[in-house]
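Notes follow the structure.
The values are calculated or read from the model by the stated rules, or taken from the named source; none is laboratory data. The structure displayed is predicted, hence computed values, not measured ones. Neighbour counts run over all protein chains shown; Cβ positions are idealised from the backbone, glycine included. Quick note on the areas: whole protein, heavy atoms, side chains included, nothing else; ligands and nucleic acids left out. Shrake-Rupley method; radii C 1.70, N 1.55, O 1.52, S 1.80 Å.
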Amino acid sequence: MPQRSILKCNHTSVCLASSPHAAVAGFRRQGQRQRLAAIKADNRSFPREDKLFLEEDDRAFPAPLLLPGDDLAGDPEDPQSFQEWVDGEHRNPVTAKQKTVYVVPSPQIDANVDFMQKWAIPKCPDHELSMKPPSTKDVQDYLTAFYHGLPVKMMSPSTLRFIPWEEPKRNPQKKTGPQYLGLKYGDECVRIRSRTLSNGVYGGQVNLDDLLDTAISILPKDAYALLMLVEFDLYEDDDDEFVCGRAYGGSRVAVVSSARYNPILDTILDVERLHAWPASHCKQYMSACAWAEPSAKRQKRSQINSRGSQNSTSEVNGPVKDAVSVYRSLPEVDSSPSLLSALWLGRVCRTASHELGHCFGIAHCVYYACSMQGTGSISEDARQPPYLCPVDLAKILCATSTSASQRYRALLAFCERPENSDTHFFGPFATWIRSRLGQIKDST
């Protein structure tokens, strides 16, 4: 997103409301009474401690940022309350026989299509920087915490394999049209569209819709949902530049690509790394971006909208400000390959949890800055928080039959792992969780 450059920033002042651009975009946030009502549902009650976690507190759950080019500035979309989620006709209930979330690693590559190995390497000068790509096991562990209460299992890495696809030779003169790969699973092989790019960030892309159809085919009988992680860049139709992921919520499957979340591409994709979450709530940054022009580079992942909020600031200590303080204390993220690797992992974890949320029947959040809020670009995606707002937390607690404190402590344990604790995504998230737990303890 083109904006006034902020090369140095101390992030000393936090804004807990939407940016000044909200009024320009016609964004009118749901009022406090409506937000409080959205957390309640008939014949659905929570234990007293969980109710405390579901209370609104803008120090923990600010309004959506709404900067120029963000999806909330687009066409309106109705909010989804907890009651509407409970009553949803197309929502799949978690049952004793279907409660497992499966994670599928990126398909293996047959020797006959080994040209695909290069498709996972971005065509930029810094591509040899020794970063560690996100591992499927780490994403699985994060999702185990995020959806605490449900088993999250990894399918065998050999489940899927790309192989050559042989088309019937009906017209040997015809050499135009889509390019195809075969994707083998068990005794079956399906046709996957692909395309090569001479001037793209990656040398080739794989069709997202075909992968989603494959995910439906391999969905185990005991699965509640299935997430396929791929290392390749994705597209949906000929007009797409790229797409990062999508869910067929009713079919309980999702596909997420890690390709565009590679921090090496931040400059190319106009990602404001300095003000990624939680520093996206920096007052100076929000003011500088308020009148910027929308970005032309859009990530086709979701359509969203909501209604607006007044702009205000607060200097009261709380989870968001505590997370920003920790963020300020960290070294520059590009000072270490390990920090960049952790940032890459965090981005993929956030999108993976978001897309699986759709499999649980959760629509895009319009009430708060929330991990279920939709995004319209990679730059907006980097600004989104990893936590669930009270409305969406109520939905997940209901679906997983866990408690809020158990869920938060599971996420905290993941964020406090030695390789995560002092990094720019997981370190502030751990602080946010500890601060939120502290708020609840002080209120009891």
Could you list the residues of the stretch 94-111 with an amide nitrogen less than 19 Å from a label point located 7 Å from the Cα of E166 in the Cα-to-C-beta direction? 110-111
For the chain, cysteines whose Cβ has no other cysteine Cβ within reach (under 4.7 Å): C9, C15, C124, C189, C244, C282, C289, C349, C359, C398, C415
For the chain, take the longest principal axis of its alpha carbons; what is the angle in degrees between that and the long axis of helix 426-443, to the nearest 10 within 0 to 90? 40 degrees
Quick one: if the Förster radius is 35 Å, what FRET efficiency do D78 and Q98 give, using the C-beta to C-beta distance and rounding to 0.05? 0.80
Carbon plus sulfur, as percent of the 1.4 Å-probe accessible area of the stretch 151-277, comes to 46 percent
Average accessible surface area per residue within the chain, 1.4 Å rolling probe, Å²: 43 Å²
Reach of K97 by Cα under 17 Å, taken over aspartates and glutamates that are not fewer than 8 positions away in the same chain: D222
Test of understanding: in a Gaussian network model of the chain with alpha carbons linked when under 10 Å, which of C289, C370, C389 would top the mean-square fluctuation ranking? C289
In nm, to one decimal, how far is the modelled label at K221 from the one at C9, with both set 7 Å along Cα→Cβ? 5.3 nm
Considering only protein heavy atoms, with the full assembly of protein chains and a 1.4 angstrom probe, order T12, T351, T159 by accessible area, largest first. T12, T159, T351
Of D50, D392, D238, the one that fluctuates the most in a GNM where the chain has Cα springs shorter than 10 Å: D238
Can you tell me which aspartates and glutamates have their Cα less than 18 Å from the Cα of K8? Leave out same-chain residues fewer than eight positions away. D266, D270, E272, E332, D334
Figure the gain on full extension for D110 and R48 (residue separation times 0.36 nm, minus the Cα-Cα span) and round it to one decimal in nm. 16.9 nm
Please work out how much length the chain gains when fully extended from Q117 to N317, using 0.36 nm per residue of separation minus the C-alpha to C-alpha distance, in nm with one decimal. 67.2 nm
Suppose the chain between D270 and H90 were pulled fully straight at 0.36 nm per residue; how much longer would it get relative to their current alpha carbon spacing? 61.1 nm
Consider just the alpha-carbon atoms of the chain and return their Rg together with their Dmax, both in angstrom. 21.5, 76
Quick one: check the C-alpha center-to-center distance for the stretch 13-71 versus the stretch 210-247, whole angstrom. 30 Å
